1. Taking segment 107-125 on its own, how many of its residues are surrounded by fewer than 18 Cβ atoms within 10 Å (Cβ to Cβ), in a helix (DSSP H, G or I) and not aliphatic (A, V, I, L, M)?
2. Would you be able to tell me the number of residues in segment 26-85 that are over 17 Å from PRO128 (Cβ atoms) and basic (Lys, Arg)?
3. Tell me yes or no: at least one residue of segment 68-78 is of a type in the set (Lys, Arg), assigned to a helix (DSSP H, G or I) and modelled with pLDDT of 75 or more.
4. What number of residues within segment 77-107 are farther than 15 Å from ALA61 by Cβ and not β-branched (Val, Ile, Thr)?
5. Going by the conditions given, is LEU14 out of contact with any helix residue (DSSP H, G or I) (no Cβ under 7 Å at 6 or more places or on another chain) and either at pLDDT below 70 or loosely packed, with under 11 Cβ neighbours inside 10 Å (or both)?
6. What are the residues in segment 45-76 that are of a type in the set (Val, Ile, Thr) and in contact with a Leu (Cβ under 9 Å, 6 or more places away or on another chain), if any?
Amino acid sequence: MRLRFRSAGTLLALVFAALPAHATWTPGPQGGCTYSVDGATLARGPTAMLNAPLVPFRALAGGVVYAGERVPNRWPGVVLLPPLLVVSAGGMGLAQMLAWFGTGLFDTVTAGYFEAAPPEATRLAIDPLPPLFSDTPKAKAAAAGPCAHAWQ
């Protein structure tokens, strides 16, 4: 029994070691897009996993900023809206934390081949995250280049 587990683990290690570590799309000389590998693409997963524990706090801070910009002048909105926005942003931050950690783990195992982690997760930062329900433009559209893909 123990020999079977050891040989299965060895087989999995050989399969993952034999996989090429493709990652970043770059424009090729003939105008097509090709994969290129560098240290940043191999660090996508670990960076996303390092960022994951901070996401709820960053989302809470983003909820505070969002609520401060949109407080209405009437008393029910002043009293009720900011705490509800902050709490819902924090809850979404918890969900984002799990997603960032999971996609970071997947990117670590696949050496960044599928680029599963969101672009925000692959940059170390401590700035507030805008809530998912906000209407702030995402940096994803600005980062789209000639080799952008549908899943990015």
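The values are calculated or read from the model by the stated rules, or taken from the named source; none is laboratory data. A quick note: this is a predicted structure, and the numbers were derived from the prediction, not measured. When we count neighbours, we look across all protein chains shown, and the Cβ atoms used for this are built from the backbone with ideal geometry, even at glycine.
1. Residues flagged as surrounded by fewer than 18 Cβ atoms within 10 Å (Cβ to Cβ), in a helix (DSSP H, G or I) and not aliphatic (A, V, I, L, M) within segment 107-125 amount to 1.
2. Going through segment 26-85 one residue at a time, the tally reaches 2.
3. The answer is no; no qualifying residue exists.
4. 14
5. Spelling it out, LEU14 is indeed out of contact with any helix residue (DSSP H, G or I) (no Cβ under 7 Å at 6 or more places or on another chain) and either at pLDDT below 70 or loosely packed, with under 11 Cβ neighbours inside 10 Å (or both).
6. Passing the criteria: THR47, VAL55, VAL64, VAL71.
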